[in-house]
Structures are given as structure tokens and as C-alpha cells.
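What follows is a single structure, written as C-alpha cells, with notes after it.
Computed from the coordinates by the stated procedures, all read-outs in this text should not be read as laboratory data. All values reported here derive from a predicted model rather than from experimental measurement. Every residue, glycine as well, gets a Cβ built from its backbone with ideal geometry; the counts of neighbours run over all protein chains shown.
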Amino acid sequence: METNETIGATESVQHVTEEFLKTQIVQKDERIQQLEEHIQRVTQRDYATRGELQSMRDGMHEWTMAALKSREISETNAEEIAEICGFELTSEVEAEVTVTYYITLQVPAGEEAEDIINEIDFDAITYDCDKITYVSSNVDSIDI
């Protein structure tokens, strides 16, 4: 008899354990669904907040630049606003500039002016400006 009771008790424990595990799985699945919905809401709110922040930053940038141009605010105030709002007051542009040299040379007797001019290394000319990043030259014409 004891054996039958042990088998019955084991089956009962197994059934209870199986029901418990099924309940746990259902609860886990519900919790996962809740968390996924929460993540979606937070993500949407984050995108909305980021968009609003960018719009505010752009508006402050436009206002600051206009106020600086019309001298309604000082450059110091504009710099402080830019630092707080996270934008730059300056913009970087690249410009191509042509420089024309007019030089006077002493040409020794028996030498050709063109030869002397062609020996000048215009690329080696230095400028007192650290903003110049590239120098290139060529001789377009020689008027003698």
C-alpha cells in the first residue's frame, strides 16, 4: 500500500509542479509583453523629446545669430548661449583664392628671364597665417 501511496504522491507532485511551471511561463510571457510595450513607449517619448530639443536648439541658434548680427546681444552672451544650447557660432567654409604676384627680377646678362622665373619655387613661399592649409602654384604667363 505504501508503494501505491508513494506513486500517487509522486504523480500529484509532478502534476502540481507542471501546473506551477505553466503558470510561471504565462506570468513570464505577460511580463515580457509589458516590458516590450514599456520600451516602445519610452523609445517613442525619447524620439519626441529629441526632436523637440533639436527644434529648440535650431530656434536658439537662429535667434542668437540674428541678435548677434543686429548687435542686440554681445559676442560673449552669444558664446554663452551657444555653449548652453550646444551649437557653434562659427561655420567652416573652404575658399579657393587666386593670388597674383608681380615681381621684379634682376636678370644677369646672358640669362633668360623665363628660366629664372621658372626656377622660383612659389610653393615654398610662406605666409604668416595658420589658416592656409594648401598652397599650389603655376606660372600662367610671363610678360616681359
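Here the Karplus curve 6.51 cos²θ - 1.76 cosθ + 1.60, taken at θ = phi - 60°, turns the phi angles of the stretch 45-55 into couplings of 5, 5, 4, 5, 5, 4, x, 5, 4, 5, 5 Hz, with x standing for Gly and Pro.
Taking 0.36 nm per residue of separation and subtracting the Cα-Cα distance, full extension of the segment from residue 111 to residue 38 would add 17.7 nm.
Applying 1/(1 + (r/R0)^6) with r as the Cβ-Cβ distance of residue 89 and residue 46 and R0 = 35 angstrom yields a FRET efficiency of 0.80.
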